[in-house]
Every structure is written in structure tokens, then in C-alpha cells.
Amino acid sequence: MSTQPASPPEVVGIRNVMRARWKALPFWHRVAITIALELVLAIVLFFLDHALGYAVATVSTLLWLRRMPPLPWRLAGELVLISIFLFAGVSSLAAALAIAFGVFWVPDRYRGKVIAGVAITLAVLYPFYAEKMFVIPVFGVWPDIATGVYMLVFMMMAVGLNIVVGYAGLLDLGYVAFYAMGAYTAAWFSSLQFPTHNFHFGAVGITPSLPGIHISLWLLLPLAGMVTALTGILIGLPTLRLRGDYLAIVTLGFGEILPQIARNGDNFFGTGFNLTNGPNGITPLDSLGFGNGISHATSGFLPANYLTCCHATVLGHQVQSTDVFFWTAIVLLLITVFCSLRLQYSRLGRAWIAIREDETAAAAMGVPLMRTKTWAYATGAFFGGVAGAYYASFKSATFPGDFYFNISVFILCMVILGGMGNIWGVIVGAAFLAYLNQEGLANTGQWLNTNIHAIGNLQLPGSDSKGLDVPLFASGIYGLIILIVMLFRPEGLIPSKRIAAEMHETEQHDEYLYDVQHHEEGT
Amino acid sequence: MVVVLGAAALLLKNLSESPSRFFEVTLIGLTTGCVYALVALGYTLVYGILELINFAHGDVFMLGGMFTITISTHFFNLHQGQGAAIIPIVFGTLVLTMIACGLLNASIELIAYKPLRGAPRLAPLITAIGVSFIIEDIGLFFWGPNYVSAPDVFPHTKVFSFHGVDYGWNKAIVVAITIPVLLGLLYLVQQTRQGKAMRATAQDKDAAAIMGINVNRTISFTFLIAGLLAGAAGTCYALYVTTVRFDQGFQLGLIAFTAAVLGGIGNLPGAVLGAVLIGLIQAWNEGLPWHMPGSDWTQSIVFSILILILVFRPEGLLGERTPEGG
């Protein structure tokens, strides 16, 4: 018996056969084939759009550099690449590469902190160099500052939703309700919406005689968060007992009801009570600002009023009010990330993970299910509310049309794409998708329509002009992203180890009986 | 309880205010309810077998409406004033639409849900939302962002009169399509071998597999049937309402899903009962003259019903209470 050598495991499936054959090739053959394929791809794309060809060549060079021994080859290659771009006159790309290479020379132990520090520094300085950045092929120019604010707000919301979906494993399909709640709370207390009441507290940039409730937006941000968290608790208390998919559908229901109230709330059942000003929305809102006192005390560093501030020129860039909103959003995001990180391994965070992995076992170990789930809901809702309030004050308006179901799915898509449960993944996913939504899709569409004639000459039903209006298809694109991620990499692009293990749990053992039968039929 | 009593009082008041209007609206509600029933059955079949809320189902239904319009007007040249010739045309369109939707639904299952059989419960649910958005955009791509209109071919002459209210042929035909389809489904599920396999799979997949049932094929078959029903619903909706837009599927699908939950999800007669109730509630809300919230609030009312049912009676009106139902 024991003399029989173990036969190699049989390889099944076309993908695995191809992979095994590829691995069996000699090393240099593989290198040669890969380089040849990359060259062909780069050349083909070069004729489509020169910049894209260069980009593919650069990216494949980068991938090859990563596999080189660090000294001397990788260093030499990096220096050559940087100097090529310097001589080609794309100094912004050369600088970006230099920073990226520099980060990878940092020892593993410190790399995480260095990346975080560099990312924050680059983000804070972004308004100063945004206009000088290189053009990305296909995606076009770098996002402008207003898009930056939008991205940061959605990163906040994604981090908030990640607490509910990623940490606690409760699928929330109505997160937009929290966003709406925050936005409307901010709007009610800092606009002319209730002209019969007259209450002023710390609001800047308005005359004291202005009717309506005007409270400083700095107070309103946490207040909106708390009102939203309270809404979350109210929604959660009756519904959190439900099983996962029922909970999802209930949250979806709330996500549809609240915007409808916002839409129809200008005249409740003919009573004439105007809560939300209906489809016209509430606008304008008061401006953010620190008031004259604080502004003088910090000699103008903290602006008195965001909308009228900022004529200073720093580093050759005239600071504008959008920039100040951008920096404030960064601070808010950092606070959100800090809270989320601290929560993750706290007692509460560990209870969330326990519930996510096995509710029954968690309850048996003494985790109070309802209270823990409600806290997840309230915390997630809080950040959604703050983000909504901040975005409303940035736009100085809130409209019911901003709160459709699409937005809930959009935020969910960010969490899934980045990697549920991993805050860095979620941030990257949110930044990318929010950028796509605001500028990226339009730019990509323009590129597709000009460079690919088959798309540029499409005549779609119901559109006046030729070509494909890519932003119109945004939700389908998110749907496609969700589908692809769930099928091929359910743990997301930057996964948390724990979630990845959960997602692939059944692949290691516990194969379903009916799939076993299926295999037997196949052979 | 209070809510139900209040609603009943409101209805009685409306009945006494204008009986003819009440009956007219009720008949409209019954007709819409029939269309919802076809869609709700699709949800309930799939949920019964996979415990998956197939969000894409409503969009398959919407595509069914689009298919109907395209097939009937482009292939069969359907237009107004054709007399009795519309009967074979409508029948042919119905069959083709049902087949198209059935195949579409079955392929969705193969591509999107089957690879996730072993994944955590929420994974297929999230995927279903993604698929729903993709199908919506397929509708947008081929039929454009505006309402697509179908010819209004059914005669509006009355079938019968009741309290001075006419019941038109256009509504009767919807019912005439729905009822045979429902009976056929009931026969299929309760009398045939394949139906027995479906019921067995719904109860326990592993045990069904041991008994020699091909579970994967049974699930595919269920999706096919659900798609056929969605296609029939699409045809009814397109020819009865005469306009379809690419983004209607999701909303109508959610309403139909509410109907399935109301009746007891996984329960076929329950889905029909729930759908008729939801159809009536919607029609009463939108059509009655005396102090009703009106169509602006239809969605809120439907979703409130959904939430109340899920919270207080998750097994629905006709369902049995299961240990994990709550």
C-alpha cells in the first residue's frame, strides 16, 4: 500500500488547466511572452489614443520594477523612469512617482504610518497643486476641489455605512434616509424655512433681524448627527430583531419613505404645514464660519465666514472658499476615521464582529444582541447624518431629489468595492466611485465617444445627439461593479483578513451535497 | 389593529359618499392586483426555494413590458382598430414575451446567483441589487429614457355593469390572461413531478439531493417559471396601462414583493391574496375622493404595510410561523 507514490492531484476546469500549463513553462519564456503581450497591448492602444499607450507601458514597467531585486536594479529603474518623465516635461507625474517609490523604500514596520501621513499631507495640499497635475488617460484631468468635497463627504458616509454593514454585518439598503435626515436637520435650523420663529445662535454672515431659526452650523453638525442617530435607533428598535434579508428590505422601505416625506412635505395632507418645502427643497442655508471673534483671535487663520473669506494668496494659489470647505471636510473625515478605528477593536466593535460571524453563538456568549445592533445602527447613522448636514451646508441647499434609492446602493457599492470591514479599502472605494460619479464617468464617456467610433456614432432611442451618454448609465455601472466584485472577489479590493476568511469559509469544507452530485454528473 | 380599523372606517365613509366611484376604483384595484399577483408569484417562488429576494425580478417584468411593445408593434404590426385580429397577435406576443423573460431570468440565475450558492446569505442579496440595476440600464439602452407607449388596442366597451359602473374589456382581458396562468402554475407546482421536486427542494436541499432530485436544475427551472410569470405580467401591464418606462420595474417590483410578504412569502395563494389586497389599497388610495392621501403617498403606504407586516407578523397573512421567521 505505502509503496504506491501519491499521484498528482487531477486538474479540472479550463481555467486551472491553463494556469497549470502556464506554470509549467520555463521562467524566461514566461517573461518573454508577458513582455511581448504588454508591448502589443501598449502599441495597439497607442494608435487608439497616444497617452493611453504610454500609460499602459508605464504601468507594466512599474509592475516589472516591483519584481526586481531592490538594489541596484529597482532603484536604478526607478531613477530612470523618473528622469524620463522629468525630461518629457511631465514633472507632476515624476513627482508623484518619486513619492510612491519613496514610500515603498520605507521599511515594512513603518510603512502604514508613512502612507497615512503622506496621504493626509497630499490631500491637504491638493488645492495648491490640483491645476498643475498631469492628465490621466481616459479619465482626463484630476478632480477639482468641489468634487474633492463631494468625495470626502461620500467617504465619510461610506465609513459610516461600513460600521453597519462591514463591522456588524447588517445590510442597510436605506442609508440615504440618514443622509437626508442630516441634511434636513441642518437645513431646518439654519435657513428661512420656519419664518414665524426667530431664533439666532452663533450663525455667521446674516443680519440679526433675519427671520427663521439660525443656529451655528458647528453646533448643527453634531446635532444633525444625533438627530439622525436617534432616527436610526427608532428605526432599529422594532426592526433589528429581524433576520438579515428582512432587515435589508425594511431599511429599504424606510429609505423610500423618508425621501417621499421630504418630497411631499410642503403641505401635509392639505393641512398647509410646510416641513420640507417639497420638491423645491430648502435653500439657501447659512454659511459655515467661525465668526469674527475667533477669526481675529487666530489672526484670520480660521475664517469668519466661509463664503466671503479668503483672498489671501498662499504658495502662488489664491485660497477660495471651496478650498476651506475641502479642508474642513478632511478634518471631519479624519475624526470619522479615528472614531471608526477606535471602535473597531473596542468591546463594542468585538461584539459587532461576533454578531456578524454567528449571531446565535454571540448571544450564547452573553453579547446583548439588540443593544449591540442598535449601537451599530446609531453610530452608522450618526456619521451619515453629519456627512449629510455638512454637504447640505456646502451646497447651501437640500433637495429631495438627492435622496433616491440609487444613492443607498451607490454608498453600498463603495463599501463592497473597497472591502467590507476594512476602513482603508472603504475609503479608497468611496473616493474612486464618488469621483467617477461626479467627473470620472463624464470624462470617460467623452473619451469613449471621441476615440471609439462605434460608440461615438451610436444613436440611442430618446436621445437627441449621437454617442453614449455614460453618466446616464451610472447605476448600471455600479450594478456591474457590485456583480463583478461579488462573483470574483467578494471580500473587496483591499480586504480585511477576517471578512476574506468568512467569505471563503465554505470553500474549504462543508461542500453542499447537491453540488457534489453535480460534479459527479460532469465527470 | 387600530390602523386597520381606521382604514376600514375611511373606506366605509368613502363608500357612503359616492358608491359608484368606490366600485369603479375597486374594479381598477382588482385588475392591478392581478398584474401584481403574477409578479408577486415570481418573488415568492424564488424566495421559497432559495430564500433570496430577487430584486432583479421587477426589472425582468419591466423588460417584459418592453418586449411586448416591441414584439407586438414591430413584428406583428399591432395597431388600433384591427378588430378580432388582435386576439392571435396578443396571444403570440404573450407567448414570445413569456419565453424571453423566462430565459432571461434563468440565465440571470446561472450567471449571478449560482456561483454564490455557498457564500454568506447576504452575498446573493447584494448581487441581486446589482443585477437589478444592470437590467434597468439594459432597458434604458435599448428603449431610451422616456415612456415607451403601446397601442391601446383592447376595446373599452363594457363587459358588465354594476351600480352604474362599467367594467371594460380592457380590464377583463387582463383578468382573462391572469387566471389561466395562475391555474397553470398551481397545477404545475401541486400536480406534476417537477412541481414535487420544487417543493422538495424548497423544504430541504440536501435531503432532496439525496432523494435523487437534481437541485440545481430544479432551481433553474423555478427561475424559468418565475420569468414566464414576469413576462405574462409585463404583457398585461404594457397593454393595459399602455406606457412603460425603464425605471418602473424596481418600484413595481417592490410593491409586488410587499404583496408577497403580505400574503406570506413562499406561499402561492398568499401571494395572490396579498397582490389583490395591495392592488385594492393602491387603487383606493389613489382613486377615492374623500380624504385619502393620494398617489403622492402610495409608496409610503405600501412600504409602511411592508414594515408593519415584517415587524408584527413576518409569516404574513397565510404563512405558517417558522422558528426563524421572526
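Values as computed for the structure displayed
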quantity: Normalised alpha carbon radius of gyration of the stretch A:97-234 [divisor 2.2 N^0.38 Å]; calculated: 1.44
quantity: Anisotropy class of the stretch A:204-352 from Cα gyration tensor, a/c 1.5 cut; calculated: oblate
quantity: Overall form of chain B per C-alpha gyration tensor (a/c, 1.5; a/b vs b/c); calculated: oblate
quantity: Spin-label pair A:M18/A:Q459, simplified geometry with 7 Å Cα→Cβ offset, distance in nm; calculated: 3.8
quantity: Spatial separation of Cα centroids for the stretch A:233-290 and the stretch B:149-217, in angstrom; calculated: 37
quantity: DSSP beta bridges in the protein assembly as shown [antiparallel fraction, %, rounded to 5]; calculated: 75
quantity: Axial C-alpha extent at least 18 Å, average Kyte-Doolittle at least 0.0 - helices from chain B (DSSP); calculated: B:2-17, B:19-50, B:56-70, B:86-108, B:122-143, B:169-191, B:215-241, B:248-263, B:268-287, B:298-312
quantity: A:V114-A:Q320 pseudo-label distance in nm [points 7 Å out on the Cα-to-Cβ vector]; calculated: 3.5
quantity: Whether the stretch B:113-189 is rounded, prolate or oblate, judged on the alpha carbon gyration tensor where a/c under 1.5 counts as rounded; calculated: oblate
quantity: Value in Å of the Kirkwood radius, where the stretch B:86-221 supplies the Cα pairs that are averaged; calculated: 18.8
quantity: Computed Rg/Rh of the protein assembly as shown, alpha carbon atoms with Kirkwood Rh; calculated: 0.99
quantity: Candidate lysines - alpha carbon under 28 Å from B:K205, same-chain residues fewer than 8 apart omitted; calculated: B:K114, B:K196
quantity: Helix A:50-67 axis, angle to chain A major axis (alpha carbon atoms, nearest 10°); calculated: 70
quantity: Cys residues of chain A counted as unpaired, since no other Cys beta-carbon is under 4.7 Å; calculated: A:C339, A:C413
quantity: Chymotrypsin sites (Phe, Trp or Tyr not before Pro) within the stretch A:247-340, DSSP loop, no more than 11 other Cβ atoms inside 10 Å; calculated: A:F273, A:F301
quantity: Percentage of interatomic Cα-Cα distances in the stretch B:264-311 larger than 18 Å; calculated: 35
quantity: Stokes-Einstein D in µm²/s, Kirkwood radius over Cα pairs - the stretch B:168-326 at 37 °C with 0.692 mPa s viscosity; calculated: 187
quantity: Bins of 5 Å from zero: percent of alpha-carbon pairs in the stretch A:286-413; calculated: 2, 9, 13, 15, 14, 13, 10, 9, 6, 4, 3, 1, 0
quantity: Within chain A, helix-based [θ] at 222 nm, where runs of 4 or more DSSP H residues each add -39,500 (n - 2.57), nearest 500; calculated: -20500 deg cm²/dmol
quantity: Within chain A: Cβ-based charge dipole about Cα centre, in debye rounded to nearest 20 (Lys, Arg +1; Asp, Glu -1); calculated: 1160
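Each reported figure results from applying straightforward, stated rules to the coordinates on display, with no laboratory input. Remember, predicted model here, so these are calculated numbers, not experimental data. Because the Cβ atoms are built from the backbone with ideal geometry, glycine has one as well, and the counts that use them run over all protein chains shown.
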